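Following: one structure in structure tokens, then a few remarks.
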Amino acid sequence: MQLVKGLFKIPAFLLGLFLFAATLALAFLGPLVFHVDVSTRVGDPYMAPSAAHWLGTDHLGVDMLSMLVMGLRASLYVGFLAGVVATIVGTLIGVYGGYKGGLLDDILTVLTNLFLVIPTLIVLILLSSSMDKGRSLTLIALIIGGTTWTWSARAVRAQSSSLRARDHVALARINGFSTLEIVLEQILPYLLSYIFMVFILQTATAILTEATISMLGLGPYDSISLGKILNDAKTNEALIGGKWWAFMPAMVLVTVIAFSLYVINTAMEGVFNPRLRK
Amino acid sequence: MTVSAPVRPLEQAASGPTPKPAKSNAVLEVEDLRVHYVTRFGHKIQAVDGVSFSLKQGEILGIAGESGCGKTTLVSGCMGLYIPPLFHTSGDVRIDGKSIVGMTLEQNRKEVLGQKIAMIPQGALNSLNPTRKIKDMAADMILSHDESADKKSINDRLRERFTRIGLDADHVLNSYPVELPAGTKQRCVIGISTLLNPKVVVADEPTSALDVSTQKAVIKLLFELMDQEIISSMLFITHELPLLRHVSSSIAVMYAGEFVEYGTTEQVIFEGRQPYSRALMGSMLSAEPGQKSRKPVAIEGAPPKLDKPIPGCRFAERCPVAQPDCRTTEQVLRIVAGRQVRCKYADTEVVEQVGGGL
Amino acid sequence: MTDALKFQAKNISRVFGHGKKSVTAVDNVTFEIRDREIISLVGQSGCGKTVLAKMLLRLETPTSGELLFNGKPITATGDPRNHWRQVQAVFQDPFSCFNQFFTIRSQLKSSFRLFETKPSPGEIEERVDQALLAVNIKPKEVEGKYPFELSGGQMQRMLLARIFILKPQVLIADEPTSMVDACSRASILDYLLKLKEELSMTIVFVTHDIGLAYYISDSLYIMHKGKMVDRGAPDDVIKHPTSDVTKQLLEDIPDVHRQWIARGTPVHAAE
Ligand SMILES: Nc1ncnc2c1ncn2[C@@H]1O[C@H](COP(=O)(O)OP(=O)(O)OP(=O)(O)O)[C@@H](O)[C@H]1O
Ligand SMILES: Nc1ncnc2c1ncn2[C@@H]1O[C@H](COP(=O)(O)OP(=O)(O)OP(=O)(O)O)[C@@H](O)[C@H]1O
Ligand SMILES: [Mg+2]
Ligand SMILES: [Mg+2]
């Protein structure tokens, strides 16, 4: 508890939290303040910002602010889902391997390292381009999560194997706890704050990854996303035409989300990670 | 009041640090210090209850007492580390004449901790981070004090200091804690704690997990640090009273948050006048021929809970020679046979029934 | 003491790691532990005592050699729980022995998992209370408390209370008194002696304190760098040490012991 209080005294953490809360507010409270509609053309293509359309319109004449809100929601969704998938898969494999040690751990480590050297982006691009129609937002999130979990697995494995040497784990064993119970009761609780930090990082990474592949034109077919807005702006010559409102806000948003999550993570690490604390 | 300037027993001078001309100015003064914890249920636990002592330049004071008697809490109190749930109740702690109890933690960290007073924490051996090299942990200590120190100068400083305390600096600094034997680890902990040449070092059970040979080496190292004037005085905390014979010139025995006997080493170890300190000596187990059949003094029970005031003597519940009035009359520290004692019968034969040795 | 053998170790070793970085924690050790005997393993920090103890507990596997329990290989009973019903332990570092996320009491209660027929909840509570009282802790004192709210000595008593609940045939006690003062240490030792008498327990006492080992044990094993360098009845080992390690160990005992004994016969010796 005391640690949590300490966290709220760190300016960087507060800044990160504020920025992240602001993006959440824009995504979910925005529609209460202004009208969000991405299916009707409200004016000419690339209308400059005005009182009626605060961020102008895009290449089709759709309200840009509406596009942003929907894109932001999609990005957060991808980030969250991919983050959850990567954290759960990575944590399970990492904790189990770290605790068990031996051959199983070796196999898992090789597997982890294999996934680590496979460039996620290339796999994503290959997968995405081979599935033109089925490329839904959820699928993209799952692919991102399914290829980036190795990072959490490695981080968690190291922590878990150092816990294995603690006597409370040995005591649980001679109390007759099963391996699964030990992992869930004796090891996971010690890693919770750590896993939460890993989750935040995984989320940030997923949001950036989605933006990258969407910008390459391999975004979801069923949804708007911040990356797709950028891609649209690029393919419809908004950059050359100096139509800044078509790409700047999306770019700023992606940066702000990723930045705020990284800052939150760094601050938490400073507080929770005992080696930095000591 | 304080105990008169300690005289180092002859046989100790051979092993102990060379005595310095005793300067009269106290480095650390603790005056009627009271410190309490607040538990999750809101109870107040008075873990240190009215402790006074002063530590002079060049002096080593040993504090002995059983687990839970408040030794570590006293250490935190002396260092001004009042981090909830630990709070300062009353009394004063002065380092170099300057009170530190009113300081904020930040101020304390910046001006006092590590530089004027440093701690060798209890269980430091097991609390070293297994994933970091010794040199990284040592560098943190320097950086915490001097943020602008560059890598090279830190490295030089660490190597110089680690070599000086008799370690193979290149090897040790680049090792992870698990790769080192316990004795070496403890030397590293001591080396890191004293990097900034603090005046007072508080060693909280630095030898408790160690075998006799390693224990000896650690004590020797602490003496060397004093001889080389890296540190100037020391508080040595332990639960093994006999050990202090070879460490300190004066001893305070602590029980349930209070000092119960405070005098010179000779007085407390060989001529204790308080049942608890006598029992501590009497329960010593020694691998000397013929000692196997000797029954050590065993004291059942546990110290009283400190969440409410205790009317009489705190040791009375367990005292083998407790008298009917011990549980009701409040005991104060008074001078008997040249040392401070907290026992109504300290000057009678009653206490002599405990322990033995005289 | 009977002549039945509880444990028999034949040339067991435990090596960690491979190749150049390998550490031989226990090096080709042969010994036996008789039923209802208290043996002590004494040695410097890092000499392999804990690793050896963990092998007896079936928490570590010897890399070579043979380890018999009750005449059969230790792994003969497929389910290690069978082993742990008979062989239990008190670990060295009480601060790291409990899970910080559960109350002490609930962790004591989890010892009942080993019972083949689990007592009723009411009886479990009752037996936990009894066990706490047996180690001189008032149940109320630790009610609802978490491990970090107790002192090291209290936690060591908790570990002993656990043994009282489980009543194993063999107890492996790894430095069970490292955190308590001398008076309480003597009372814990009395408690162990009582367990030996009343429950016919065999006790393996691991310590670096030769004085303590001398007092409590029926036979003494001195370890150094993974090897057994001296063994025998305590008085023999103390009076006629055969190895330099033992001699050094006896020499390093603080002089205060001798001085204090020389000052007079302790009153209790008369008993
Ligand atoms: N965080 C805490 N909250 C409440 N009570 C505490 C806390 N920490 C310690 N105590 C209590 O304060 C008393 C003194 O504890 P302290 O750690 O100072 O003892 P100690 O003499 O250092 O013991 P040991 O030899 O085991 O280290 C004990 O009774 C303990 O239960
Ligand atoms: N899991 C492990 N991996 C690698 N080396 C280990 C492991 N466990 C123990 N060792 C090594 O084995 C040796 C013996 O360790 P052990 O813990 O048995 O010593 P000990 O005699 O119990 O010492 P102490 O008195 O400090 O507890 C040490 O050198 C240690 O570093
Ligand atoms: Mg302490
Ligand atoms: Mg050990």
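The values are calculated or read from the model by the stated rules, or taken from the named source; none is laboratory data. Being a predicted model, the structure only gives us computed values, none of them experimental. Ideal geometry is used to build each Cβ from the backbone, glycine not excepted, and the neighbour counts take in all protein chains shown. Each accessible area value is taken on the protein alone, full model and side chains, heavy atoms only, with ligands, DNA and RNA left out. Shrake-Rupley method; radii C 1.70, N 1.55, O 1.52, S 1.80 Å.
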Exercise for the section: Could you tell me how many degrees, from 0 to 90 and to the nearest 10, lie between the Cα long axis of helix A:102-117 and the main elongation axis, the longest principal axis, of the Cα atoms of chain A? Expected result: 20 degrees
Handout entry: Rg ratio (alpha-carbon, reference 2.2 N^0.38 Å) - the stretch A:120-264
Key = 1.42
Practice task
Just tell me which lysines come within less than 18 Å, Cα to Cα, of B:LYS135; anything on the same chain fewer than 8 places away is out.
Solution key: A:LYS278, B:LYS151, B:LYS152, B:LYS185
Exercise for the section: Pairs of lysines 8 or more apart, or on different chains, with alpha carbons under 17 Å: count those in the stretch B:39-124, would you? Expected result: 4
Fill in the blank from the handout: If each part is reduced to its alpha-carbon centroid, the stretch C:36-66 and the stretch B:185-246 end up apart, in Å, by 30 Å
Exercise for the section: At a temperature of 20 °C and a viscosity of 1.002 mPa s, determine how fast the stretch B:241-321 diffuses translationally according to Stokes-Einstein, using the Kirkwood radius over alpha-carbon pairs as Rh; express D in µm²/s, rounded to the nearest whole number. Expected result: 153 µm²/s
Handout entry: Calculated on alpha-carbon atoms, Rg and Dmax of chain B in Å
Key = 20.8, 68
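Relative contact order, percent, of chain B when contacts are C-alpha pairs under 8 Å separated by at least 6 residues? Before the final figure, lay out each step's value.
Numbers: 652 pairs, mean separation 71.9, N = 358.
Value for chain B: 20 percent.
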Handout entry: More than 18 Å apart - percent of Cα-Cα pairs taken over the stretch B:127-195
Key = 28 percent
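Using the per-residue mean of other Cβ atoms lying within 10 Å as a proxy for protection, in what order, highest first, do the peptides B:270-276, A:92-98, B:36-42, A:124-130 fall? Let's see the in-between values first.
Numbers: B:270-276: 25.6, A:92-98: 23.4, B:36-42: 13.3, A:124-130: 15.6.
Packing order, densest peptide first, comes out as B:270-276, A:92-98, A:124-130, B:36-42.
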Exercise for the section: Pull up the cross-link candidates among the lysines for C:LYS196, meaning alpha carbon to alpha carbon under 19 Å and not fewer than 8 places away within one chain. Expected result: B:LYS292, B:LYS295, C:LYS6, C:LYS167
Handout entry: Selected from C:MET158, C:PHE91, A:GLY71, residue furthest toward positive end of dipole (the protein assembly as shown; charges at beta carbon)
Key = A:GLY71
Fill in the blank from the handout: What one gets for the stretch B:69-159 as the Kirkwood radius, inverse of mean 1/r over different Cα pairs in Å, is 15.1 Å
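Other chains near B:245-252: what is the mean number of their Cβ atoms within 10 Å of each residue's Cβ?
Details: counts 6, 3, 1, 0, 0, 0, 0, 0.
Going residue by residue through B:245-252 and averaging, the value is 1.
Among bridges DSSP assigns within the protein assembly as shown, what percent are antiparallel (round to 5)? Show your work: numbers first, answer last.
On the way: 51 of 90 bridges.
Of all bridge pairs located within the protein assembly as shown, approximately 55 percent are antiparallel.
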Handout entry: log10 of Debye I(q)/I(0), alpha-carbon scatterers only, for chain C at 0.07 Å⁻¹
Key = -0.27
Handout entry: Euclidean distance between Cα centres, the stretch A:96-172 to the stretch B:106-173, Å
Key = 36 Å
Completion exercise
Across B:229-241, the residue-averaged tally of Cβ atoms belonging to other chains within 10 Å stands at 2
Problem - Positive-end residue of A:SER161, A:PHE177, A:SER225, charge dipole of the stretch A:155-243 with Cβ unit charges - result: A:SER161
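Once every DSSP H run of n ≥ 4 in chain A is given -39500 (n - 2.57) and the sum is divided by its residues, what mean residue ellipticity at 222 nm do you get, rounded to the nearest 500 deg cm²/dmol?
Value at 222 nm, helices only, nearest 500: -23000 deg cm²/dmol.
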Handout entry: Span per principal axis, largest first, for the Cα atoms of chain A (Å)
Key = 74, 47, 28
Handout entry: Global geometry of the stretch C:130-242, whether rounded, prolate or oblate, following the gyration tensor of its Cα atoms and the 1.5 cut on a/c
Key = prolate
Handout entry: Debye intensity ratio I(q)/I(0), log10, the protein assembly as shown, q values 0.10 Å⁻¹ (C-alpha model)
Key = -1.18
Handout entry: Base-10 log of normalised Debye intensity for the stretch A:1-155 (one unit scatterer per alpha-carbon) at q = 0.12, 0.17, 0.20 Å⁻¹
Key = -0.79, -1.08, -1.17
Problem - Quarter of Cα convex hull surface for the stretch B:44-92, i.e. mean projection, nm² - result: 3.9 nm²
Problem - Overall Cα dimensions of the stretch B:191-294, principal axis frame, Å, largest first - result: 47, 32, 22
Exercise for the section: Please provide three numbers in whole Å: the alpha-carbon extents of the stretch A:147-206 along the principal axes, with the largest listed first. Expected result: 41, 20, 17
Fill in the blank from the handout: Whole-Å distance linking the alpha carbon centroid of the stretch C:176-219 with that of the stretch A:186-213 is 49 Å
Exercise for the section: Calculate how steeply helix A:226-235 sits against the longest principal axis of the alpha-carbon atoms of chain A, using the helix alpha-carbon long axis, and give the answer as 0 to 90 degrees to the nearest 10. Expected result: 40 degrees
Exercise for the section: Compute the projected area of the convex hull of the Cα atoms of the stretch C:28-78, averaged over all viewing directions, and report it in nm² to one decimal place. Expected result: 4.1 nm²
Completion exercise
For the protein assembly as shown, the per residue accessible area (1.4 Å probe, Å²) is 42 Å²
Handout entry: Computed P(r) (all Cα pairs; the stretch C:26-150; 10 Å bins; percent)
Key = 10, 33, 32, 22, 4
Handout entry: Size of charge dipole - the stretch B:127-195 - debye, nearest 20, with Cβ of Lys, Arg +1 and Asp, Glu -1, no other charges
Key = 160 debye
